[in-house]
1. Scanning the stretch 127-140 for residues that are touching a helix residue (DSSP H, G or I) at 6+ places or on another chain (Cβ under 6 Å) and either closer than 19 Å to I175 by Cα or among the polar types (S, T, N, Q) (or both), which turns out modelled with the lowest pLDDT?
2. Output the residues belonging to the stretch 239-277 that are free of Cβ contacts under 8 Å to residues at least 24 places away in the same chain and either of a type outside the set (A, V, I, L, M, F, W, C) or under 15 Å from L149 (Cβ atoms) (or both).
3. Could you tell me whether E16 is farther than 23 Å from R156 by Cα and of a type in the set (D, E, K, R)?
4. Given the structure, is P104 surrounded by 12 or more Cβ atoms within 10 Å (Cβ to Cβ) and touching a Leu at 6+ places or on another chain (Cβ under 6 Å)?
5. Could you tell me which of the residues L147, L170 is surrounded by fewer than 20 Cβ atoms within 10 Å (Cβ to Cβ), of a type outside the set (D, E), at pLDDT 90 or above and assigned by TED's automatic domain parsing to the domain that holds G224?
6. Among the candidates S49, S54, S60, single out the residue that is out of contact with any Gly (no Cβ under 7 Å at 6 or more places or on another chain), touching a residue at least 24 places away in the same chain (Cβ under 8 Å) and not aliphatic (A, V, I, L, M).
7. Look through G69, G94 and report the one residue that is in a helix (DSSP H, G or I), at pLDDT below 95, over 30 Å from G179 (Cα atoms) and small (G, A, S).
8. Among the helices (runs of 4 or more DSSP H) lying completely within the stretch 212-307, list those that include at least 3 residues that are modelled with pLDDT of 90 or more and under 27 Å from G140 (Cβ atoms).
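The values are calculated or read from the model by the stated rules, or taken from the named source; none is laboratory data. Worth saying up front: this structure is predicted, and the values here are computed from it rather than measured. Positions of Cβ are backbone-derived with ideal geometry, glycine not excepted, and every protein chain shown enters the neighbour counts.
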Amino acid sequence: MAARPPAPGTFAAAIERFLRFMAAERGASQLTLKSYREDLLQLEEFLRSAGCRSPGEASSTVLRRFQGGLGAAAYAPSTVARKLASIRSFYAFGQREGWVRANPAKPLRGPRRPRKLPGFLTAEEITRLLATPSPVDPGGLRDRAILELMYSSGVRVRELVTLDDGDLDLANGTIRVRGKGRRERLGIVGSPARSALRLWLAARAKPSRTRAGHGQPLFTNRLGGRLSVRGVARLLDKHLAAAGLGGRASPHTLRHSFATHLLDAGADIRSVQELLGHKSLVTTQIYTHVTTTRLRDAFDKAHPRAH
């Protein structure tokens with residue numbers, strides 16, 4: 001006998017509707033949805049123990065007790081901040097649906113976290129890395145095209161693996177990138193990246209086995225299927241080791257290097273924001289701290305009146 005769906009207003013129903021909304025309307029990834037579910041199930045357990053029969057019965061006071069419990073359980077500040085963000089989004093959705101009149105989670109504020117400056121590779125290190133893939137076999141040509149494109153456009157690795165042939169415009173030197181929240185933007189494909197992509201497309205052995213309605217993946221694995229995020233991480237680790245840079249970088253480091261080098265060369269920060277696909281300029285401004293720190297280091301080392 002089929003299980004009966006949860007009654008409207010219950011924890012289970014509210015959580016499932018919220019997850020469907022985040023997937024359909026906000027483009028949340030499966031990993032994000034998994035985190036939301038885990039956070040909200042933990043909240044449900046606490047609220048039930050506090051005597052709440054539905055999420056709409058929670059008050060700000062009760063939610064602050066939940067927040068205090070997270071601190072007492074020694075969760076990392078980043079984890080606490082994520083859980084509180086999940087709860088605020090959940091109750092904002094409840095306000096929209098009408099099962100709460102005001103968002104009781106709105107006053108919750110997570111612990112302040114020190115901003116960690118992003119790591120990056122120098123231009124010389126990037127040159128060494130890009131020289132490591134083989135210039136003759138298809139695997140090496142693919143890897144070179146991937147590394148060139150990531151550094152040229154600043155795409156996230158998850159954006160990279162979703163690219164199809166139809167997203168690439170070699171004539172104009174652009175790619176169509178589908179970023180967070182399904183926001184689309186144009187990425188720039190520089191001349192070396194274009195050359196590498198042409199060689200890879202010519203060497204690609206066979207069409208991938210794509211599902212109906214899906215385009216030809218731009219980057220494929222040995223079996224012709226779409227390359228995975230993990231596959232990109234593995235190939236980067238291999239070439240970092242070959243360049244003598246093992247343990248120095250991740251796929252995201254190429255994105256950080258892209259932004260840092262642009263700002264070092266005098267690029268306008270709003271242009272960099274647009275190229276990175278950042279919704280807020282505040283997110284992009286962390287790279288100005290990187291360049292300022294480098295300038296300060298250079299000044300301290302070289303200027304006779306620095307100390």
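1. S134
2. Scanning the stretch 239-277 gives G246, G247, S250, G266, D268, R270, S271, Q273.
3. yes
4. yes
5. Of L147, L170, the one residue that is surrounded by fewer than 20 Cβ atoms within 10 Å (Cβ to Cβ), of a type outside the set (D, E), at pLDDT 90 or above and assigned by TED's automatic domain parsing to the domain that holds G224 is L170.
6. Every option except S60 fails the conditions.
7. G69 is the lone residue from the list that is in a helix (DSSP H, G or I), at pLDDT below 95, over 30 Å from G179 (Cα atoms) and small (G, A, S).
8. 229-242, 251-264
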